[in-house]
Each structure stands twice: as C-alpha cells, then as structure tokens.
Amino acid sequence: MPSSVSPSRHRVTGSEWVGPYTLLRLERGELEPGAPGQFFMLEAPGRLLPRPFSLCLAPPGELAFLVDPIGPGTEALCALGPGDEIHVLGPLGHGYRLDVERPLLVGGGIGIAPLPYLAEQLGGSPPALLGFRSDEHAEAAALLPGSEVVVDPVLVTELIEPGYDVMACGPEPMLHAVAALCPTAQLAWEARMACGYGACYGCVVEIDGALKRLCLEGPVLDAARVTKVRASNKLLQGAEA
Amino acid sequence: MRILNASGCLDALAAPEVARQLDAFVTKTVTPLPREGNAPPRIAETAHGMLNAIGLANPGRERFLAEHLPRLRELGVPLWVSVGGFCAADYAETCSGLANIEAVELNLSCPNVDEAADSAAEIVAACRRATELPLYAKLSAAHPDVAEVARAVAAAGADGLSLINTLRAVALDKHLRPALARGSGGLSGLALKPIALHAVSVCHEATGLPIVGMGGIESGRDALEFAACGARDVALGTVLFSDPGAPARVRAELAAACAEAGVATPDDVRSLAKSPETERKVPA
C-alpha cells in the first residue's frame, strides 16, 4: 500500500489526444510517481470501481496517464477536462527493475503506456520498438521520440534482436511471443482489478504455476514466472460489463 | 456499532493499514482443503454493483491455522474467522480447531460454490457442539423467507447473524456472453442495500439476535440505516475496493449522521427497529 491508505483527490490539469488515446494529466499533489511499471487506481467518474493505469509520464508537479476509451469507465476518464477532480490511489504493485545493461523497450498498442516514464528513469534514450494496429494508433509513438514503429501485419517480435534486456508491455499474445523469444524479459501484464491492493482477489493470473493476484505479484513479472495467462482473462478495459 | 469488513473483501496481511481501521477483521472463508478458486475473469462491474466469482480461494484449514492465523494475530485487531465447507462435519471440524479469536462466522451462503447438502440449522448445531466461541450465521437473502432460516439457526444455537451475502447474478459482455468465467457470480455493492435492509429488519424482529448488517454500505448514513433496521454492527465490502480508507471515513460519518438524526449512538435507533411488515400494521 502507498503511504496514504485513502485515495486522494487530484485536479485534472490537461487532457490531450495522442492518436486515438487520451493523455490525462493530473496534479501530482502528495503522490509519489513510483517505479516505472507500477500502477495507480483512477476513479472512473460515475462508475463503481476505479481503473488501474500505469504511469506514462511524470512531468514536474504532474502525473500523466494514457487512456484508451473502450468502455464506460475509460470513456468517462477521457471526457474529463481541466479543473475536474478524481480520486487516485498509488503507486501500487511492482514495476520494472532498472538494473539492466542493454535495455530494449517493447510496446504494443495501449501497452506503450508505461514506456515513456520507463525510458526517462533508465536515462540515455534506450532503444524502443513499438507496434500498433493502425497508422492512427501509431501516432502515440510520439510519446517516445526516436522509437522504431511497426504497424500490423508487421509484429514487434520480428524486430527484436538477441542480446537485449527486453522490458515489454502490450497485449497478451505479444507478451507470450516476447517471453518465448526472450526468457529473461520483464513483462508488464494486465488484468481486471477492482481494488489494486490485494483485497478483491479478482486479478489472478497463473504465476509460478498457480493462480496469484497480479496486483501484488506484478504487474511487471519476469517472463519465466507467467506460465499461462488464461485466455479468458481479457484486458480490464476491454472487459467492462 | 462496530465496523467490520465483509468476509473476502480484504486481505489483512496484504493491507494491514486497512485492517487496523476496523473494530474486527473477518477472514476470507476457510475451507477444510486448499482451494485455488475459479478461473478468471472473476469480477465484472455492473450498474450500481459488481459481480464476483472468486470461488472461496483459500489456503485450507491446516495452513490457515499454522501460518495465517498467527500472522493475523500480530496485527492486534480482533479476529473473526469465516468458516466454510460442504457438509456440517466440515464446518464443525474447523470450528473445533479455532481458539483465541473473537468470533466465528459460518458462511452458509456462498453463491460461487455448490451449496452444502446439510441445512443451515444442521451446520450451526454441529458447530455449536464443536466450539464455545460466538457463532454468527451468515445467511443469504435469496431464501424466500430469510427470517425462517434465522429462527432455525437461532434455535440451533447461533449467537448472531451476518446479513447478507452476495446474491447470485449474471452480467453479459459485449458479445452477449457471461462476463465471468464461471458464468454467474455474487452481486455486491450499492444495488444490495435495500435487500439487505429488509433482511436485517425481518431477522431482527424474528430472533432479536445481534446482527452484523452488510450490503452496499458506503457511508455513515448507510450504516445508521442498518442500525435503524436492527443491526448492532456493520461490515463494509465493495466500498473497500474503491476506498481503502472507508472504515475510518464511515466511522466519522456515522457520528455525524447520529448527530443529524438527533441520537447519541446507533443503538438509540436500533432499539426502535421494527420489521417494515410490523410497522405497517401499527395503527396511525
């Protein structure tokens, strides 16, 4: 749990389109940005449950999150404007280990979200490979200047060369393909979460051969630890009832 | 009025700061054997509520007693252990292994596993013989007459009632398929509150037993409404997911709600509680 048990209220400072996604900027207040790959629970206005998002950028005094508007909760977040306020809890979970020698950032779609902040924390402009399903989605690559971009049907895994410490985030099939190619990769997974701090037991993933809570074990895990993500465990955002 | 958590809605070892806000921590249900729980997806948001089908994931009786309970005791929060099983003997055997806790809650109403074959009263009677600890029977409002079940478990030796558990429900995804891997799940959250208030009310009048009321409580005003229906204590469930600071907040709000209602404590409104059916019969 973060130092404060209660979610705190944060004012929206800006909201801008990045391709089909929205970059939502909030006043940082007392929140720590945490390690890259850690996540925050953002109140989804008008909805019962908050939604988990990894930190995308940490400009001075702000925290910025990349939101894909694909359900009522994420749509409500994308509709926020400057001056609106939402509750935020975080940072939560475990992020990427930064003690790597030759980092290569690999992202797919909305999974690029944690990579800009990861690149900043690693320093030295690490190489990045980003894959998107369309040219419009690929506009989000602007968040990571200098990255190599591919669009469907080309896959990021076709461009990964050996010898890198891969740090990836993206859809499950991509993560499984990256794990097969790079057994030492660090992968950020996603699951439906109601709480983000181990209370709801909803976000289980098969980790080390047993169903474990992703919010406590991950969301960033060494590739070898995820033996199988049940195919039915769709991304939170795509699975809203 | 004590503020507890609803069983299965908090892991005190993962979030001790949240558990320490409570007057007592209720564990996730312990079954005789370890259970991995249901495959994901296990949760889905609905209008004014959420569904879960966790499936009583727990380490099993042996590991719970050997490893978890000693660590829970270190938190310094009074403990209630939620006990589950698939026949009366399952429940009774777990009860006989429990000591140095404040109370036992018998989960007689989990919607996400196949139900025990024995009746609620049979299970309570078996547990009564197995332990002297206070026994709270957690009942479902899905029963056509929850007050009748309450009378039966009271006669079998229950010391109190926990009301209510989640209600079996289903939600569909955008492809019109069940949103949960199990198909159905337990509905919790705001949508339950009127149902829970009714169950508390009729069971209070039927038995007079102490009741822990739960189901959609989000505020101090909600908690006071449960008191007005006959609950002595309340438990918070789904609200903990969006607000881990809810126990302290609800406690503060409850004091304000009492002041607004012109009473000193929630007990003052509880003493006036009548079932709505009885209330209706009182001449104007």
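So here's what we get for this one:
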quantity	calculated
Gaussian network model of chain B, springs between alpha carbon atoms under 10 Å - residue of B:Gly76, B:Gly186, B:Gly216 with greatest fluctuation	B:Gly76
Residue (of A:Gly196, A:Leu105, A:Ala185) at the positive-pole extreme of the range A:103-236, dipole from beta-carbon charges	A:Gly196
Total formal charge among the other residues, if their Cβ is under 14 angstrom from that of B:Gly216, Lys/Arg +1 and Asp/Glu -1	-2
Residues losing 20 Å² or more accessible surface upon assembly, the range A:183-208, compared with the chain by itself, 1.4 Å	A:Arg192, A:Ala194, A:Tyr197, A:Ala199, A:Cys200, A:Tyr201, A:Gly202, A:Val204
Estimated [θ] at 222 nm from DSSP helical runs (n ≥ 4, -39500 (n - 2.57)) normalised by residues in chain A, nearest 500	-3500 deg cm²/dmol
In order through the range A:101-113: 3J(HN,Hα) via Karplus (6.51 cos²θ - 1.76 cosθ + 1.60), integer Hz, x for Gly, Pro	8, 10, x, 9, 8, 10, x, x, x, 4, x, 6, 3
Accessible surface of the range A:8-92 [probe 1.4 Å, protein heavy atoms]: carbon and sulfur percent	50 percent
Kirkwood Rh and Cα Rg combined as Rg over Rh, evaluated for the range A:8-92	0.91
Neighbouring partner chain Cβ atoms per residue of B:239-248, average, 10 Å criterion	6
Heavy-atom accessible surface that B and A bury in contact, both chains counted, 1.4 Å, Å² to 100	2800 Å²
Extreme residue, positive dipole direction of chain A, given options A:Ser15, A:Met1, A:Phe39 (C-beta unit charges)	A:Met1
Distance histogram in 10 Å bins (all Cα pairs of chain B, percent per bin)	7, 29, 38, 21, 4, 0
Surrounding net charge for B:Ala6, when Lys and Arg each add one and Asp and Glu each subtract one, Cβ distance under 11 Å	+1
Pair-distance profile P(r), taking every C-alpha pair of the protein assembly as shown, with 20 angstrom steps and integer %	22, 51, 23, 3, 0
Gaussian network model of chain B, springs between alpha carbon atoms under 10 Å - residue of B:Lys174, B:Lys138, B:Lys28 with greatest fluctuation	B:Lys174
Most fluctuating residue given options B:Ala15, B:Ala103, B:Ala179, as computed from a GNM of chain B linking Cα atoms under 10 Å	B:Ala15
Heavy-atom accessible surface of chain B: percent carbon and sulfur, 1.4 Å	53 percent
Globularity ratio of the range A:130-216, using Cα Rg and 2.2 N^0.38 Å	1.26
A:Leu98 paired with B:Ala66, simple spin-label distance in nm, labels 7 Å along Cα-to-beta-carbon	4.1 nm
Hz values of 3J(HN,Hα) by residue in the range A:31-43 - Karplus curve (6.51, -1.76, 1.60), Gly and Pro given as x	6, 7, x, x, 8, x, x, 5, 9, 10, 8, 9, 4
Net charge contributed by nearby residues that have their C-beta within less than 11 Å of A:His87 (K/R +1, D/E -1)	-2
Unit charges on C-beta of K, R, D, E only; dipole of the protein assembly as shown, Debye	1000 debye
Residues of the range A:8-92: accessible area per residue with a 1.4 Å probe, Å²	35 Å²
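The values are calculated or read from the model by the stated rules, or taken from the named source; none is laboratory data. The structure displayed is predicted, hence computed values, not measured ones. Heads up, the Cβs are rebuilt from the backbone with ideal geometry, glycines too, and the neighbour counts pull from every protein chain shown. Calculation scope for accessible area: heavy atoms of the full protein, side chains included, ligands and nucleic acids excluded. Shrake-Rupley method; radii C 1.70, N 1.55, O 1.52, S 1.80 Å.
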